[in-house]
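Worksheet for the structure shown next.
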Amino acid sequence: MKKVAVVFATVGMVVGLASLSMAATEIKGTLNNNATVKEAANVAIGKGATANMGSMSVKNSNISGTVNNTSNVEKAANVAIGENSTANMGSVTLKDANVKGTINNNATVKEAANVAIGKNATANMGSVTMKGGSVEGTINNKANVEKAANVAIGENSTANMGSVTMKDGEVKGTINNTATVKEAANVAIGKDATANMGSVTMRGGSVKGSVNNTSTVEKAANVAIGEGSKANMGSVTMDNSHIEGTVNNKATIKEAANVAIGKNATANMGSVTIKNANVKGTINNTAKVDKSANVAIGENSTASMGSTTVE
């Protein structure tokens with residue numbers, strides 16, 4: 001009988017497995033987080049619960065140098081259940097942190113489940129997430145996700161798989177996102193739910209430099225269900241953001257489904273979408289879509305495939 005490692009936290013607790021977290025810290029040099037997680041379960045249950053597996057979290061800190069996060073997750077489950085719950089697997093999370101240098105995230109996820117259930121739930125798998133703060137340098141995210149499920153269920157829930165997501169952050173330099181997703185499911189269910197697969201998503205904030213997104217998605221499903229829900233697959237989306245430089249999006253999508261269901265639902269596949277954003281520079285979008293379905297169902301719903309949209 002195989003042994004399974006289980007980490008469990010009760011109400012209001014925070015739990016991490018093979019992870020690194022920092023708060024209010026001054027770092028000059030290099031931070032390395034190397035995690036190999038196999039046949040394991042990481043679970044947090046309760047209001048404000050947080051579950052981290054093979055991840056790095058930085059809050060209110062100043063870093064001069066390099067942040068390296070390398071994670072290999074296989075046959076594992078990362079679950080957070082409860083209000084404001086968060087589940088991170090093979091990811092880098094920055095909150096109000098200032099980094100001068102390079103952030104490298106390399107995640108390999110196979111036969112794994114990353115699940116966040118509850119109001120404002122967030123599930124991140126092989127991703128870089130930034131909220132507030134600043135980065136002067138380069139953000140590199142390389143994710144290989146195979147036979148995995150990334151699920152967020154609840155109002156305002158968010159599911160990110162092999163993606164870079166930014167909110168109110170400032171970047172001076174380059175953002176590189178390279179994602180390979182095969183036989184995987186990325187699902188967000190709930191009002192204003194968001195599902196991102198192999199994508200770069202930016203809301204608020206600014207970038208001076210380049211945003212490069214290269215994604216290969218095969219035999220995968222990207223689904224957002226709920227009023228105002230959004231499903232992005234192999235895409236670059238910007239909302240209320242400021243870009244000075246170049247945006248490059250190259251997506252190869254085969255035998256995949258991208259679905260958004262609900263009023264004002266949005267489904268983007270291999271696309272660049274800019275809404276209420278300012279761009280000074282060049283936008284390049286190259287998409288190859290084969291035997292795939294891109295569907296938006298509901299009043300004022302929108303479906304974009306291999307497209308560039310500016311509103």
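Name the single residue, out of those in segment 131-151 being of a type in the set (A, V, I, L, M, F, W, C) and either closer than 24 Å to E39 by Cβ or in contact (Cβ under 8 Å) with a residue 60 or more places away in the chain (or both), that is surrounded by the most Cβ atoms within 10 Å (Cβ to Cβ).
By that ranking, first place goes to V145.
Yes/no per residue for (1) modelled with pLDDT of 90 or more; (2) surrounded by 18 or more Cβ atoms within 10 Å (Cβ to Cβ); (3) on the phi > 0 side of the Ramachandran plot:
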| position | (1), (2), (3) |
| --- | --- |
| V259 | yes, yes, no |
| G270 | yes, yes, yes |
| N276 | no, no, yes |
| I297 | yes, no, no |
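Residues being among the small types (G, A, S), closer than 16 Å to V164 by Cα and within 16 Å of the chain's Cα centre (by Cα): count how many of those fall in segment 213-252.
4
Residues that are in contact (Cβ under 8 Å) with a residue 12 or more places away in the chain, buried (at least 21 other Cβ atoms within 10 Å of the Cβ) and among the hydrophobic types (A, V, I, L, M, F, W, C): find the strands (runs of 3 or more DSSP E) completely inside segment 196-239 holding 3 or more of those.
206-218, 221-225
Which is in contact with a Lys or Arg (Cβ under 8 Å, 6 or more places away or on another chain), closer than 21 Å to V151 by Cβ and modelled with pLDDT under 90, of G82, G90?
The unique qualifying residue is G82.
Name the single residue that is nearest to V223 (Cα to Cα) among those in segment 132-157 being among the charged types (D, E, K, R) and not in a loop (DSSP other than H, G, I, E, B).
Checked segment 132-157; the qualifying residue nearest to V223 (Cα to Cα) is E146.
For N144, are the conditions met, namely being farther than 18 Å from K59 by Cα and in contact with a Ser or Thr (Cβ under 8 Å, 6 or more places away or on another chain)?
For N144, the condition - farther than 18 Å from K59 by Cα and in contact with a Ser or Thr (Cβ under 8 Å, 6 or more places away or on another chain) - is met.
Can you report the number of residues in segment 8-46 which are more than 22 Å from the chain's Cα centre (by Cα), loosely packed, with under 15 Cβ neighbours inside 10 Å and at pLDDT 85 or above?
Summing the residues that are more than 22 Å from the chain's Cα centre (by Cα), loosely packed, with under 15 Cβ neighbours inside 10 Å and at pLDDT 85 or above in segment 8-46 gives 4.
Which residues, counting only those in segment 57-104, are of a type in the set (G, A, S), in a strand (DSSP E or B) and within 18 Å of the chain's Cα centre (by Cα)?
Once the filter is applied, which keeps residues that are of a type in the set (G, A, S), in a strand (DSSP E or B) and within 18 Å of the chain's Cα centre (by Cα), segment 57-104 yields S57, S71, A77, A80, A87.
Can you tell me which residue within segment 278-295, out of those that are in contact with a Lys or Arg (Cβ under 7 Å, 6 or more places away or on another chain) and in a strand (DSSP E or B), is surrounded by the most Cβ atoms within 10 Å (Cβ to Cβ)?
Selected residue: T286.
The values are calculated or read from the model by the stated rules, or taken from the named source; none is laboratory data. These numbers come from a predicted model, not from an experiment. Counting neighbours? That spans all protein chains shown, and the Cβs are built from the backbone with ideal geometry, glycine included.
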